Amino acid sequence: MALEELSHEQVAALSTGKDFDFKTTSDLKPLKEIIGQDRAVKALEFGLSIRHVGYNIFVAGYPGGGRKHVIERFLQQRAPKEEAPPDWVYVHNFENPDRPMALRLDAGVGAKFAEAVEKRIHKLSHDIPKLFESETYTTRRKLVTKQFREKRDSLQEGLTERIRKYDLGLQQTPIGVGIIPLKDDGKPMKPEEFESLPEERQQEIQQKQQDAQNEIDSTMRALRKLDAEIHDKVDELDQQVTRELVEDDLKPLCAEFKQYGRVCQHITAMIDDIVNNIPLFRQQGGGEEGGGAEAAQQGPAGIQQALLARMQGDHQLDRYKVNVFISNDPKGGAPVIEELNPTYPNMFGRIERRYMFGALTTDFTMIKAGSLHRANGGYLIMDAIDILMRPGSWDAMKRAVLTRQIAMEDLAHALGYGYTETLQPEPIEMQAKIILIGSPMIYTMLYQLDDDFRNIIKVKAEFGRDMDRSDNHLAQLASFARRQAEEYDLLPLDAAAVAEVANYSSRIVEDREKISTQFTQLTDVLSEADHWARSAKSKVIQAKHVQKAIEERVYRSNLAEEKLQEAIKREHLLIDTHGKRVGQINGLSVYQIGDYDFGLPSRLTASTHIGSAGVVHIERRSEMSGHIHTKGVETISGLLGERFCQDRPLALEAKLTFEQSYGGVDGDSASAAEYYALVSSLAQVPITQSIAVTGSMNQKGDSQPIGGVTKKVEGFFDICRMQGLKGKQGVLIPRSNVQNLVLRGDVLEAVKKGKFHIWAIDNVDDGIELLMGLPAGEREKDGTWTAGSLNEKVDAQLKRYAEKARQFVASGKKNGDDNLPKQPGKCCG
């Protein structure tokens, strides 16, 4: 097809209120299903149902597409029907205190087990001290110690008798028991009396003292051994009576929780530890009043020491507690946890510390669960970029998935920076299903750069940005509006308002055959339309309220657009929408500032002369051109060379530029406009300035689709209207972009009245006559171009350039000038 002017019917609004068979959305049922995401829904169903290792889910899509909402709806329906995961508790490891034990119990059992243990330990802390104050215990202790006291008395009496045989006596001195000589009357001999004795007598007495000392030492050893035996027997008695009491209280727990093998092992170890640490419980029964009075008499230091001893005693009994690490409701189904801040401690838990008298201490009771623990047996939802940005979290999550264990350690230790002593809790079994939410770019990056990624995330659920604009989907969109009205307490929409929302939905994706799935954005428009409807005291949301909401959204964001339009109006930015100029054309660009994008014309010019550089873009020379734009310029060179350089070199230097462009330029959507400016300059045929051009092209001249066509058309329309619509202005676009035109109402009205035009082309030649008033022309069998055509003029000019270049080079050789170029530039530059 050649050039075609699009009629109003071809670009008119897509839907009207007549397309729907309801009066208001109140007549409809709220939407329950998920629309337009069949591929993602099937992937989610598969990923949530499969239980093999590594089948976690990456939900790929863009914000506003309802990814999280869809996941939550799926899990709201699925998770409550699933079996509740087990409870996990941490208990003291009596063999290795630095490595607390993790016990797995059925859902809801953890708290019961902890409560049962706490009650029994509390009871024992009162019963054990009373046990040692009981008459029964005192009687048994007396029976145990009685025979040992008799042996002790016998040893002491025998020692006294043996000492007396040596005419010696025992006397208590400040440094212990001393051996003294006795006089004949049995009284102790004074030192001066001893000194008055003959030396032989003194030596005899000293020898007796040495022999007596040996007797004493032997007896003392026997007494100490006897004391140790007494102590052992008393300890044995204490442990025996304590074990009887403790087993009566704790052994029933083994029967109560018999299905959990490690629980009984722990109870048995606890009984042994209590029996071996009886003083911990006997301290609990100490007289607080007496101890407090004694500490008070010792002053502040005594009070502090007593308080420290009391706190230490209290915390020493913590070893028998049960830390309910994870507790689940037996009827609550599988847990669904959304981690908004996936730092390492938030995900993998933390070991807290207690500050006490200048030191930090910890124990197993201070182990706290992370979101991965809480989601165990269920689902953990996270944003992919969030976990990637938190140090240590991503690598630790991969380890958990690959090893099927959730290990807990301090972040400093995990990163290799911490060397202080701390706890190392036993890992617990990893059974959580990980659901990551991110963009397709993040998914691709992880898949390509992280070798483990494909082993831990095996399901991709990708959300599309649009869906087909079918009757079924339009009906579902109306039901969606009904559901949002119910959920957010909005007024009902009439049919015309729903049609306006549907048109806006297609406008978002710039496709007349599609509807946007950016439901968050649609919900925002509905909420704002509700505001304007209520402000107007309307009982329903009408089309004008939706239009008002859209217009106000634009107004809040289009300050930059208005400033640029003002610059054009004041001729600070030079744009012509009337007249004709050689080598000058209006190209169209899209500017994006935050959440708002808009179209604006740009003056594009070309200058040509003899040279050897070929087609050159000034933006590229000044390093302001992106790769895609550079490719577009090279494509122009390819087309120029194929058409006009089959029998001669290209002796051309053509400069292309976006005038008054001071930022970067990218994209190839201006390549058709650049080509028109170039051939206009070569042929010296003016281009009408009332028509702007957008579109890419290939080396054969075929017109190719570009993005942002709606914004570009509207952007040129706004400038034309500002400078005065004469009925001749319009835009030239690729035919393949016609389906992307979802225009504003004022543009459609201008098209309908013939004040603004839109033409579609298949090849750049199709637009030449419209722009320059000459036919493009075709190549004849003899290699020439159609007489009077633009291509004939271009061909003639390039021929003149080549001939002049040849003559110039030849004259240089004749004059012996070696500095002249040896040949014209290569074809295509």
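Beta carbons closer than 7 Å, at least 6 apart along the sequence or on distinct chains, pair a first residue in the range 399-413 that is in contact (Cβ under 8 Å) with a residue 24 or more places away in the chain and closer than 20 Å to Arg104 by Cβ with a second that is of a type in the set (Asp, Glu) and open to solvent by 30 Å² or more (accessible area, probe 1.4 Å) for Arg404/Glu429; Gln405/Glu429.
Screening Ala478 on (1) touching a residue at least 12 places away in the same chain (Cβ under 8 Å); (2) open to solvent by 10 Å² or more (accessible area, probe 1.4 Å) shows it passes everything except condition (2).
Filter the range 612-632 for residues that are touching a residue at least 60 places away in the same chain (Cβ under 8 Å) and either on the phi < 0 side of the Ramachandran plot or of a type in the set (A, V, I, L, M, F, W, C) (or both) and give the result. Those that are touching a residue at least 60 places away in the same chain (Cβ under 8 Å) and either on the phi < 0 side of the Ramachandran plot or of a type in the set (A, V, I, L, M, F, W, C) (or both): Ser612, Ala613, Val615, Val616, Gly632. For the range 604-614, a tally of residues being closer than 20 Å to Gln660 by Cα and open to solvent by less than 30 Å² (accessible area, probe 1.4 Å) returns 4. If you check Arg140, Arg162 for being open to solvent by less than 90 Å² (accessible area, probe 1.4 Å), out of contact with any Pro (no Cβ under 9 Å at 6 or more places or on another chain) and modelled with pLDDT of 75 or more, only one passes: Arg140.
Restricting attention to the range 107-125, the residues that are surrounded by 16 or more Cβ atoms within 10 Å (Cβ to Cβ) and either under 28 Å from Glu83 (Cα atoms) or among the basic types (Lys, Arg) (or both) total 10.
Filtering Met624, Met697 for residues that are aliphatic (A, V, I, L, M) and surrounded by fewer than 22 Cβ atoms within 10 Å (Cβ to Cβ) leaves a single hit, Met624. When each of Ile303, Ile267 is tested for being out of contact with any Asp or Glu (no Cβ under 8 Å at 6 or more places or on another chain), over 30 Å from Leu159 (Cβ atoms), at pLDDT 85 or above and part of a helix (DSSP H, G or I), the lone residue that passes is Ile267.
Of the residues examined, Ile337 is one that is out of contact with any Asp or Glu (no Cβ under 7 Å at 6 or more places or on another chain), in a strand (DSSP E or B) and open to solvent by less than 70 Å² (accessible area, probe 1.4 Å).
Within the range 94-106, being under 33 Å from the mean Cα position of the chain (by Cα), surrounded by 15 or more Cβ atoms within 10 Å (Cβ to Cβ) and either of a type in the set (Phe, Trp, Tyr) or more than 16 Å from Gly261 (Cα to Cα) (or both) holds for one residue alone: Pro100.
Take the residues of the range 13-31 that are under 30 Å from Gly730 (Cα atoms) and out of contact with any Lys or Arg (no Cβ under 8 Å at 6 or more places or on another chain): which is least open to solvent (accessible area, probe 1.4 Å)? The extreme case among them is Ser15. Scanning the range 633-655 for residues that are in a loop (DSSP other than H, G, I, E, B) and either without any contact (Cβ under 8 Å) to a residue 60 or more places away in the chain or not small (Gly, Ala, Ser) (or both) gives Cys645, Gln646, Asp647, Arg648, Pro649, Leu650, Leu652. The requirement of being open to solvent by 100 Å² or more (accessible area, probe 1.4 Å), at pLDDT 70 or above and under 30 Å from Asp227 (Cα atoms) is not satisfied by Glu200. So for the range 506-526 (the condition being more than 37 Å from the chain's Cα centre (by Cα) and not aliphatic (A, V, I, L, M)), does at least one residue qualify? Looking through the range 506-526, none of the residues is more than 37 Å from the chain's Cα centre (by Cα) and not aliphatic (A, V, I, L, M).
In this structure, does Gly767 turn out to be farther than 22 Å from Asp647 by Cβ, modelled with pLDDT of 90 or more, of a type outside the set (A, V, I, L, M) and open to solvent by less than 40 Å² (accessible area, probe 1.4 Å)? So Gly767 fits the description; yes.
The values are calculated or read from the model by the stated rules, or taken from the named source; none is laboratory data. All figures in this text were calculated on a predicted structure; none of them were measured in a lab. Note: ideal-geometry Cβ built from the backbone for every residue, glycine included; neighbour counts use all protein chains shown. Calculation scope for accessible area: heavy atoms of the full protein, side chains included, ligands and nucleic acids excluded. Shrake-Rupley method; radii C 1.70, N 1.55, O 1.52, S 1.80 Å.
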